[in-house]
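Worksheet: one structure, shown below.
The values are calculated or read from the model by the stated rules, or taken from the named source; none is laboratory data. Keep in mind the model is a prediction, meaning the values are calculated, not measured. Note that we place each Cβ from the backbone using ideal geometry, even for glycine, and neighbour counts take in every protein chain shown. Heavy atoms of the whole protein, side chains included, go into the accessibility calculation; ligands, DNA and RNA do not. Shrake-Rupley method; radii C 1.70, N 1.55, O 1.52, S 1.80 Å.
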Amino acid sequence: MKPRIIVCGLGRTGYKIFRLLRQQGAFVVGIHHKPILGEDTKDVIVGELQAAATLKAAGIEQTQTLVIAGPDDALNLSIMMQARVLNPQIRIINRFYNTNLGERLDYTLPNHLSMSVVGLAAPVFTFAALGNQAIGQIKLFKQTWPIHEEYIDENHPWKGRKLSDLWEDRSRMLIYYLPMEGEMNLVSAVLSGQQIKVGDRLIIGTQPYVRSKRRSMIRKLLKVLSNFRQFQQHGRSVLVGAIVLLAVIMVATLTYMSAELKLSVVDALYFSVGMITGAGGNDKVVEKAPDSIKLFTVVMMLVGAVVIGIWYAMLTDFVLGSRFKQFWDAARIPQQNHYIVCGLSGIGLRIVQQLHASGNDVVVIETDCNNRYVNTARGLGIPVIQGDASFRATLKASNIDSAAAVLAVTSNDAINLEIALKAKGLTPNIPVIVHYADPDFAGMAQQVFDFEAVLSPAELAAPAFAAAALGGRILGNGITADSLWVAFATVITPLHPLFGQRVKDVAMSADFVPLYLETNYQTLHGWDLLETNLSAGDILYMTMPANRLYKLWRDERSQIMMS
């Protein structure tokens, strides 16, 4: 029996999910607020997404899984509540931008899984910037690993090697295998000593590398001093005001010293500063002074009040306003091997956080000083340049000539292309990663402009939603040769179909790839994993084709690990 699934909200992401599920053989019905060209009215129900009549027309009462894929959190929440009223047992995959709300709903409601397009897509942008041509991600050993495809050609270093040679490497996980000729699952190929041939495809997960980031306070101070020229731009008015104030004080001090008032240098300076700043001084100094000195004192008091008032205002604006933050950010811009993120959108912030967590230097360029994510970025110690990244001067200020990569991830596709083209014009060899919302045109933009990567969040996130709809909480996914595979973890119980069996035997018969096993407070991988018999309480991490996952989901969905 094929799983019956409803996809509600057929926008860019939703329609991609709808097509993927149908491609994998699921019985899927879509719901949208308007007709979709080329789709039959039986396959796509038109109406208000949250209306009971629309959901009933789509067969909500007989459906196992509902995927809510619209971009509006409030509307998605309404759809979820209406669906639960009509079918209390339905499993819901819900798209939420507000991840805190989504996590709370997952904790409160049974059979509810929240997913974020931003959260799913951001790591792929990050991996692309780091040089990995990632097609997805997978969570292994409490880390997010980039997944990429190895296509074996005549010059590939793995040509002629045995798959068994690659099986034991813990830093590189074999995920899936598609031979050029015939059909053979990965475990059978490993055990039989299958050689890698031209035309074969391998899906590989690579352990992420976290850079060590230890810097002494002296080095940080030297970095600030080396960028002191930025102070001339951001603190020029404060510096000029301070010079004028000092000049007024020195004129007053020298005048009182030369007026034969019998004042020492310190006394004259003390009286001048007190008189100009209004902090007070020894008024007896000028009581017996000539009229000219008294008039000079009056003028100095008036001039000093004006100068000190203006300078205090400029100093307050510099320290408490945005100028000091701009100066401090400019002073901390790395000199080389840093990543420039243009646009602090939701996905931009995630990329910044992931690059920073990996130990990489990051610079942010954002046009809106009131952007709600600016303070979050600054809180991580990341410099933020306020300006338009499509201007040459702004990119130059970010030290683009020596940067490792540029990521154009604003919410406007045209602006992203403009930034990318401008970056290539300034530094032709710099890798450029471009955000393009429309998945149908992202590939075209890649082909036309030949950027390192043009990525669509909808294209990247849709397979994860589709895989989750077919079975449990998915740890990773990818597409190879139009075949969707998924990675997940399953808890072995006495009723589980894999209970008591040897891993390599069931892997070959069921066509899944075991990744590793958590058993008795230890982790098994490689050859030890294949020879292990599965016991109650074991957690087996595996990958398998999505079009076969529904069998396990139908029979054992309560045992698929939901954490």
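If the condition is being open to solvent by less than 90 Å² (accessible area, probe 1.4 Å), out of contact with any helix residue (DSSP H, G or I) (no Cβ under 8 Å at 6 or more places or on another chain) and at pLDDT 75 or above, then the range 307-337 contributes 309, 313, 334. Applying a threshold of 6 Å to beta carbon distances and a minimum spacing of six or more residues, or different chains, the list of pairs starting in the range 338-354 at a residue that is closer than 14 Å to residue 381 by Cβ and ending at one that is assigned to a loop (DSSP other than H, G, I, E, B) and open to solvent by 10 Å² or more (accessible area, probe 1.4 Å) reads 338/361; 338/403. Residues of the range 513-563 that are part of a helix (DSSP H, G or I), at pLDDT 85 or above and among the charged types (D, E, K, R): 528 alone. Only a single criterion out of (1) open to solvent by 10 Å² or more (accessible area, probe 1.4 Å); (2) in a helix (DSSP H, G or I); (3) modelled with pLDDT under 90 is not satisfied by residue 465, namely (1). Residues in the range 418-432 that are more than 19 Å from residue 354 (Cβ to Cβ) and open to solvent by less than 30 Å² (accessible area, probe 1.4 Å): 419, 420, 423, 427, 430.
Residue count for the range 30-43 satisfying the condition of being open to solvent by 10 Å² or more (accessible area, probe 1.4 Å) and under 33 Å from the mean Cα position of the chain (by Cα): 4. Only a single criterion out of (1) in a helix (DSSP H, G or I); (2) buried (at least 16 other Cβ atoms within 10 Å of the Cβ) is not satisfied by residue 53, namely (2). Can you pull out every residue in the range 365-384 that is assigned to a strand (DSSP E or B) and closer than 17 Å to residue 416 by Cβ? Those that are assigned to a strand (DSSP E or B) and closer than 17 Å to residue 416 by Cβ: 365, 366.
So how many residues does the range 1-29 have that are among the polar types (S, T, N, Q) and either at pLDDT 85 or above or buried (at least 21 other Cβ atoms within 10 Å of the Cβ) (or both)?
The initial filter retains those residues of the range 1-29 that are among the polar types (S, T, N, Q), namely 13, 23-24.
Next, from what is left, pick out any that are either at pLDDT 85 or above or buried (at least 21 other Cβ atoms within 10 Å of the Cβ) (or both): 13, 24.
Result for the range 1-29: 2.
Of all residues in the range 354-364, which are open to solvent by less than 70 Å² (accessible area, probe 1.4 Å), more than 17 Å from residue 416 (Cα to Cα) and either part of a helix (DSSP H, G or I) or touching a strand residue (DSSP E or B) at 6+ places or on another chain (Cβ under 9 Å) (or both)? Walk me through it before giving the result.
First, the residues of the range 354-364 that are open to solvent by less than 70 Å² (accessible area, probe 1.4 Å): 354-356, 358-364.
Within this subset, residues satisfying the condition of being more than 17 Å from residue 416 (Cα to Cα) are 354-356, 358-362.
354, 355, 356, 360, 361, 362 - these are the residues of the range 354-364 that are open to solvent by less than 70 Å² (accessible area, probe 1.4 Å), more than 17 Å from residue 416 (Cα to Cα) and either part of a helix (DSSP H, G or I) or touching a strand residue (DSSP E or B) at 6+ places or on another chain (Cβ under 9 Å) (or both).
Tell me which residues, restricted to the range 392-411, are outside any loop (DSSP other than H, G, I, E, B) and in contact with a strand residue (DSSP E or B) (Cβ under 7 Å, 6 or more places away or on another chain).
Those that are outside any loop (DSSP other than H, G, I, E, B) and in contact with a strand residue (DSSP E or B) (Cβ under 7 Å, 6 or more places away or on another chain): 394, 397, 400, 405, 406, 407, 408.
Please tell me if residue 389 is in a helix (DSSP H, G or I) and among the hydrophobic types (A, V, I, L, M, F, W, C). It is false that residue 389 is in a helix (DSSP H, G or I) and among the hydrophobic types (A, V, I, L, M, F, W, C).
Condition first: in a helix (DSSP H, G or I), touching a Gly at 6+ places or on another chain (Cβ under 7 Å) and touching a residue at least 60 places away in the same chain (Cβ under 8 Å). Can you find one or more residues in the range 70-87 that meet it? The answer is yes, given that some residue of the range 70-87 is in a helix (DSSP H, G or I), touching a Gly at 6+ places or on another chain (Cβ under 7 Å) and touching a residue at least 60 places away in the same chain (Cβ under 8 Å). Against the numbered list (1) over 32 Å from the mean Cα position of the chain (by Cα); (2) closer than 28 Å to residue 350 by Cβ; (3) of a type outside the set (Gly, Ala, Ser), residue 17 comes up short only at (1).
Checking each residue of the range 112-119 against the condition of being in a loop (DSSP other than H, G, I, E, B) and surrounded by fewer than 22 Cβ atoms within 10 Å (Cβ to Cβ) gives at least one match. Residue pairs whose Cβ atoms lie under 9 Å apart, sitting 6 or more positions apart in sequence or on different chains, and linking a residue in the range 160-188 that is without any contact (Cβ under 8 Å) to a residue 40 or more places away in the chain and part of a loop (DSSP other than H, G, I, E, B) to a partner that is among the basic types (Lys, Arg) and surrounded by 12 or more Cβ atoms within 10 Å (Cβ to Cβ), are 160/197; 179/197; 179/201; 180/197; 180/201; 181/197.
Residues in the range 438-450 include at least one that is among the aromatic types (Phe, Trp, Tyr), surrounded by fewer than 24 Cβ atoms within 10 Å (Cβ to Cβ) and either over 18 Å from the mean Cα position of the chain (by Cα) or modelled with pLDDT of 80 or more (or both).
Residue 397 - would you say it is aliphatic (A, V, I, L, M), open to solvent by 30 Å² or more (accessible area, probe 1.4 Å), out of contact with any helix residue (DSSP H, G or I) (no Cβ under 6 Å at 6 or more places or on another chain) and at pLDDT below 90?
Working: aliphatic (A, V, I, L, M): yes; open to solvent by 30 Å² or more (accessible area, probe 1.4 Å): yes; out of contact with any helix residue (DSSP H, G or I) (no Cβ under 6 Å at 6 or more places or on another chain): yes; at pLDDT below 90: yes.
Yes, satisfied.
Considering every residue within the range 29-43, establish whether at least one is under 18 Å from residue 458 (Cβ atoms), touching a His at 6+ places or on another chain (Cβ under 8 Å) and not in a helix (DSSP H, G or I). So far as the range 29-43 goes, no, none of its residues is under 18 Å from residue 458 (Cβ atoms), touching a His at 6+ places or on another chain (Cβ under 8 Å) and not in a helix (DSSP H, G or I).
For every residue, the table says whether it meets (1) polar (S, T, N, Q); (2) at pLDDT 75 or above.
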{"residue": "227", "(1), (2)": "yes, no"}
{"residue": "232", "(1), (2)": "yes, no"}
{"residue": "246", "(1), (2)": "no, yes"}
{"residue": "256", "(1), (2)": "no, no"}
{"residue": "263", "(1), (2)": "no, no"}
{"residue": "268", "(1), (2)": "no, yes"}
{"residue": "277", "(1), (2)": "yes, no"}
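Count of the range 396-433 residues, restricted to those that are touching a residue at least 40 places away in the same chain (Cβ under 8 Å), among the small types (Gly, Ala, Ser) and over 22 Å from residue 122 (Cβ atoms), is 2.
Only residues that are touching a helix residue (DSSP H, G or I) at 6+ places or on another chain (Cβ under 9 Å), farther than 12 Å from residue 207 by Cβ and either in a strand (DSSP E or B) or open to solvent by less than 10 Å² (accessible area, probe 1.4 Å) (or both) were counted in the range 130-155, giving 3.
The set of residues from the range 157-184 being surrounded by 18 or more Cβ atoms within 10 Å (Cβ to Cβ) and within 24 Å of residue 141 (Cα to Cα) comprises 163, 167, 173, 174, 175, 176, 177.
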